[in-house]
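Scroll down for the structure; my scribbles are underneath it.
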Amino acid sequence: MNASLQFDVEKLTRYLAAHVPGFRGPMSVEKFAGGQSNPTFLLEAQSGRYVLRRQPPGELLKSAHAVDREFRVLSALSNTPVPVAQALHLCEDREVIGSLFYVMSYEEGEIYWDPSLPALQVGERGAFYDALIGTMAALHDVDVDAVGLADYGRAGSYFARQIDVWTRQYRAAQTDEFDAMETLIAWLPAHCPVETGKASLVHGDFRIDNLIWREDSARIGAIVDWELSTLGHPLADFAYFCMALRLPRNPVLPGLAGIERGALGIPDESAMIERFAAGSGLDPRAHWNFLLAFHFFRLAAIAQGVLKRALQGNASSERAMQAGAMTRRIAELGAALVG
């Protein structure tokens with residue numbers, strides 16, 4: 001048993017050799033630094049590189065850390081225009097490493113953790129944002145019936161159901177009372193927009209650091225971290241992405257608040273709305289404050305869950321306490337939109 005990894009690498013190697021086609025050991029394992037929720041590991045074996053995602057050890061909130069859903073959606077998207085890693089194997093036998101896990105292909109490329117894209121030149125950044133919005137539109141164009149995801153979530157009333165789910169998740173993880181969060185919990189259910197049309201596949205955490213970019217190219221090689229994916233409203237991911245850019249500069253989830261985007265070559269929010277509307281045929285502006293407030297509320301609930309796991313000693317990342325400490329500020333940004 002490797003104490004730092006909390007599972008037996010040799011046992012896992014034997015299991016993968018028996019269940020993943022072409023896999024050959026020996027194997028080394030290294031935990032990725034990111035992944036607040038589901039611990040993620042690089043597997044370097046004789047047969048190549050792989051990535052393992054597992055549920056965290058310890059007591060888990062109901063319906064959280066659904067790595068089996070991640071595996072299902074990756075498998076379903078494998079033959080669509082949406083770029084994803086190849087899903088290789090799902091293990092539901094908790095005896096192997098102590099929890100559910102799955103293995104997928106390792107995708108070479110760049111991950112940009114900061115949406116200001118400091119590693120790129122000013123003239124390059126706009127193309128990356130254009131590719132991102134185009135990929136988001138392609139995701140929402142997926143025919144969920146054709147790819148076998150018609151039952152991946154309940155159709156209709158997406159925002160109402162999400163408000164209920166995340167209110168319950170927040171209450172289960174609550175360690176303090178924040179006036180801003182109570183304001184959002186009271187206001188949001190009464191202001192849900194009427195939802196019409198067919199449900200779309202929603203990633204649920206569409207941020208720039210959940211994208212792997214092909215090296216030296218404004219081309220996305222894979223969208224990762226599908227834990228929060230479901231069927232829902234096609235505006236959900238876009239509004240979430242724009243909400244995250246409104247966050248203040250911070251070491252955990254940096255936004256672009258206070259930065260002159262034009263000077264960086266990054267489109268402002270209104271330009272991104274125009275680009276998304278042109279590509280998707282959907283215009284979010286009629287309900288923009290609701291959409292942003294909803295996502296601030298949802299992110300605050302997620303941050304509170306991270307804090308609760310950190311206090312229990314179950315959080316995946318060393319920065320979990322920092323992320324959890326942002327709950328109040330995130331909720332206040334949302335409440336400011338509904339006052």
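Here are the numbers for the structure shown:
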{"read-out": "Counted residues, the stretch 134-161 - those being of a type outside the set (Lys, Arg) and open to solvent by 30 Å² or more (accessible area, probe 1.4 Å)", "value": "13"}
{"read-out": "Checklist (1) at pLDDT 95 or above; (2) more than 22 Å from the chain's Cα centre (by Cα) applied to Pro115, failing item", "value": "(2)"}
{"read-out": "Looking only at the stretch 320-337, and only at residues there that are assigned to a loop (DSSP other than H, G, I, E, B) and at pLDDT below 95, the one that is surrounded by the most Cβ atoms within 10 Å (Cβ to Cβ)", "value": "Met326"}
{"read-out": "Residue within the stretch 282-292 that is modelled with pLDDT of 95 or more and among the aliphatic types (A, V, I, L, M) present", "value": "yes"}
{"read-out": "Strands (runs of 3 or more DSSP E) completely within the stretch 38-130 that count 1 or more residues being open to solvent by 30 Å² or more (accessible area, probe 1.4 Å)", "value": "40-45, 48-54, 87-91"}
{"read-out": "Cβ pairs under 6 Å, 6+ apart, first in the stretch 301-313 and free of Cβ contacts under 8 Å to residues at least 40 places away in the same chain, second surrounded by fewer than 20 Cβ atoms within 10 Å (Cβ to Cβ)", "value": "Ala310/Met321"}
{"read-out": "Long-range neighbours under 6 Å by Cβ, at least six apart or interchain, first residue in contact (Cβ under 8 Å) with a residue 40 or more places away in the chain within the stretch 166-192, second assigned to a loop (DSSP other than H, G, I, E, B) and aliphatic (A, V, I, L, M)", "value": "Ala172/Leu61; Trp187/Val338"}
{"read-out": "Close pairs (8 angstrom Cβ cut-off, 6 or more residues apart or separate chains): without any contact (Cβ under 8 Å) to a residue 24 or more places away in the chain in the stretch 116-142, open to solvent by 20 Å² or more (accessible area, probe 1.4 Å) and of a type in the set (Asp, Glu) anywhere", "value": "Ala119/Glu110"}
{"read-out": "Residue match in the stretch 46-65 (condition: modelled with pLDDT of 90 or more, touching a Lys or Arg at 6+ places or on another chain (Cβ under 6 Å) and farther than 27 Å from Ala137 by Cβ)", "value": "yes"}
{"read-out": "Residue in the stretch 279-288 that is open to solvent by 30 Å² or more (accessible area, probe 1.4 Å), of a type in the set (Ser, Thr, Tyr) and closer than 24 Å to Tyr158 by Cα present", "value": "yes"}
{"read-out": "Of all residues in the stretch 250-293 being acidic (Asp, Glu) and under 20 Å from Leu337 (Cα atoms), the one that is nearest to the chain's Cα centre (by Cα)", "value": "Glu269"}
{"read-out": "Which listed residue is touching a residue at least 12 places away in the same chain (Cβ under 8 Å), within 16 Å of Val82 (Cα to Cα), touching a helix residue (DSSP H, G or I) at 6+ places or on another chain (Cβ under 8 Å) and aromatic (Phe, Trp, Tyr), from Phe206, Phe159", "value": "Phe206"}
{"read-out": "Condition met for Arg161 (of a type in the set (Lys, Arg) and under 24 Å from Thr230 (Cα atoms))", "value": "yes"}
{"read-out": "Cross-chain or 6+ apart pairs with Cβ under 8 Å, the stretch 229-256 first and without any contact (Cβ under 8 Å) to a residue 40 or more places away in the chain, then of a type in the set (S, T, N, Q)", "value": "none"}
{"read-out": "Residue count, the stretch 267-315 (criterion: farther than 18 Å from Ala239 by Cβ and in contact with a Lys or Arg (Cβ under 8 Å, 6 or more places away or on another chain))", "value": "1"}
{"read-out": "Flag if Asp237 is surrounded by 23 or more Cβ atoms within 10 Å (Cβ to Cβ), modelled with pLDDT of 90 or more and charged (D, E, K, R)", "value": "yes"}
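The values are calculated or read from the model by the stated rules, or taken from the named source; none is laboratory data. All values reported here derive from a predicted model rather than from experimental measurement. Note that each Cβ is placed from the backbone with ideal geometry, even for glycine, and that neighbours are counted across all protein chains shown. Just so you know, the surface numbers come from the protein's heavy atoms only, side chains and all, with ligands and any DNA or RNA stripped out. Shrake-Rupley method; radii C 1.70, N 1.55, O 1.52, S 1.80 Å.
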